[in-house]
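K.L.:
Below: one structure in structure tokens.
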Amino acid sequence: MCVPSTSDRPVRPLNSVKERGSHGALRSQLPTIDSQRCCAAFTPPRQRGLPGGFTLLEVLIVIGLIAILLVLVGPAFTKMKSGSDVTSAIYGVKGVLENARAYAKANHTYVFVGLAEVDSSIDPSVSPQISAGDTPYGRVALAVVASKDGTSQYQFATTDQGTDWKANYANGAHLVAVGKLQTYEHLHFVPVDFGSWSPGAHPNSKMARYQPTGPPYILGNAASTSVTPFTWPLGSPLESGYQYRFDRVINFDPTGIARIATANNGDAVAHVIEIDFQPSHGTLFESLPDNFNQDVGNHAVIQLGTTNGAVRVYRP
């Protein structure tokens, strides 16, 4: 109930009988209440004529603004995901190399780490995965196997190296799988071979590093094809019936020394072995010009110290 203020008028005490009702109730001497004016002051907002919702035009404007924002931020999210994919893959490969070396030393055996790049437009369950043709890019597979009897299954030679490996392979009968097959999408490494980026020429660069002694020790280079290939699933032959074939292989001996055995490099031990990576979008990747600026972009380098086993990652 609305009650106006009486502070502006004096209130006289009611003492006479005439001023009381028949039941003794006081007759109010207060000013008359303007009920319409009082109640209007307390009218809820919806009773004052304010709008109660959005119009169709306002809703359409908001939807349009959201659509524009999605178009603008979409490429940024794509770039962030691509960066995340590359980072995850790089450190995944780094961890596999470290674990493979530790396994070789702990079990006094030879361990073989194989990497292969295939066509990412082909479903990963298909056998065989496509590693030839116009677009064999975009999915990198990695697997690790070890010698069962602790021998290398091949002899180091300067010519015809690896002939004994093929003779002894027997569908992988002398090897055992170490862990599961790993695959990385949106990644490209064959035939990526970044040029020299020495600390002397680029003292302030995060990509500055000492280079391997020759192309065979850069795994993406065509000359690094190994004479110790193996297939996956382990047990399938070298020439057919496999899902993946790994022709680019790093092996660790029982002392932990890493090598890439090619057709004519004998028992050579390089200072470092390098694997260069680029991001891809499906089977597409950016072609790098000669002498490109390695300090700009989303590429990465993994370098493996062949004798000490140190694995270093270089990113711009």
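The values are calculated or read from the model by the stated rules, or taken from the named source; none is laboratory data. Keep in mind that this is a model prediction, so the values were computed, not measured. Cβ: placed from backbone, ideal geometry, glycine included. Neighbour counts: every protein chain shown. To get the accessible areas, we keep the full protein, side chains included, count just its heavy atoms, and leave off ligands, DNA and RNA. Shrake-Rupley method; radii C 1.70, N 1.55, O 1.52, S 1.80 Å.
K.L.:
Would you confirm whether any residue within the range 73-82 is surrounded by 10 or more Cβ atoms within 10 Å (Cβ to Cβ), modelled with pLDDT under 85 and in contact with a His (Cβ under 8 Å, 6 or more places away or on another chain)?
P.N.:
Within the range 73-82, one or more residues are surrounded by 10 or more Cβ atoms within 10 Å (Cβ to Cβ), modelled with pLDDT under 85 and in contact with a His (Cβ under 8 Å, 6 or more places away or on another chain).
K.L.:
When you scan the range 192-211, how many residues do you find that are within 23 Å of the chain's Cα centre (by Cα) and small (Gly, Ala, Ser)?
P.N.:
Number satisfying all stated conditions: 0.
K.L.:
Let me ask something additional. Return yes or no: is Val126 surrounded by 15 or more Cβ atoms within 10 Å (Cβ to Cβ) and of a type in the set (Val, Ile, Thr)?
P.N.:
Answer is no for this residue.
K.L.:
Separate question: Could you list all residues from the range 289-312 that are open to solvent by less than 40 Å² (accessible area, probe 1.4 Å) and either under 16 Å from Ala100 (Cα atoms) or assigned to a strand (DSSP E or B) (or both)?
P.N.:
Result: Ala300, Val301, Ile302, Gln303, Leu304, Gly305, Thr306, Gly309, Ala310, Val311.
K.L.:
May I pose another question? Within the range 237-251, can you find the residues that are of a type in the set (S, T, N, Q) and modelled with pLDDT under 95?
P.N.:
Ser240
K.L.:
Let me ask something else. Restricting to the range 140-167, name every residue that is surrounded by 15 or more Cβ atoms within 10 Å (Cβ to Cβ) and more than 26 Å from Ile130 (Cβ to Cβ).
P.N.:
Once the filter is applied, which keeps residues that are surrounded by 15 or more Cβ atoms within 10 Å (Cβ to Cβ) and more than 26 Å from Ile130 (Cβ to Cβ), the range 140-167 yields Ala146, Ser147, Ser152, Gln153, Tyr154, Ala157, Gln161, Asp164.
K.L.:
Please pick out the residue among Thr262, Thr225 that is under 30 Å from Leu288 (Cα atoms), surrounded by 15 or more Cβ atoms within 10 Å (Cβ to Cβ) and out of contact with any helix residue (DSSP H, G or I) (no Cβ under 7 Å at 6 or more places or on another chain).
P.N.:
Just a single option satisfies the conditions, and that option is Thr225.
K.L.:
Please go through the range 197-246 and give me each residue that is of a type outside the set (Ser, Thr, Tyr), part of a loop (DSSP other than H, G, I, E, B) and under 13 Å from Val145 (Cα atoms), ordered by number.
P.N.:
Result: Pro229, Pro233, Gly235.
K.L.:
So, in the range 205-222, how many residues would count as being modelled with pLDDT under 95 and surrounded by fewer than 21 Cβ atoms within 10 Å (Cβ to Cβ)?
P.N.:
7
K.L.:
Could you tell me which residue of the range 90-123 is most open to solvent (accessible area, probe 1.4 Å), considering only residues that are part of a helix (DSSP H, G or I) and hydrophobic (A, V, I, L, M, F, W, C)?
P.N.:
Filtering the range 90-123 for residues that are part of a helix (DSSP H, G or I) and hydrophobic (A, V, I, L, M, F, W, C), the one most open to solvent (accessible area, probe 1.4 Å) comes out as Ala106.
K.L.:
Mind counting the residues in the range 129-139 that are within 21 Å of the chain's Cα centre (by Cα) and open to solvent by 10 Å² or more (accessible area, probe 1.4 Å)?
P.N.:
Matching residues across the range 129-139 total 2.
K.L.:
Which ones in the range 176-196 are assigned to a loop (DSSP other than H, G, I, E, B) and surrounded by fewer than 19 Cβ atoms within 10 Å (Cβ to Cβ)?
P.N.:
Gly179, Lys180, Leu181, Pro191, Asp193, Gly195, Ser196
K.L.:
Name the single residue, out of those in the range 279-288 being assigned to a loop (DSSP other than H, G, I, E, B) and open to solvent by 80 Å² or more (accessible area, probe 1.4 Å), that is nearest to His186 (Cα to Cα).
P.N.:
Within the range 279-288, the match that is nearest to His186 (Cα to Cα) is Glu286.
K.L.:
Do we find that Leu175 is modelled with pLDDT of 95 or more, within 16 Å of Leu238 (Cβ to Cβ) and touching a strand residue (DSSP E or B) at 6+ places or on another chain (Cβ under 7 Å) in this structure?
P.N.:
yes
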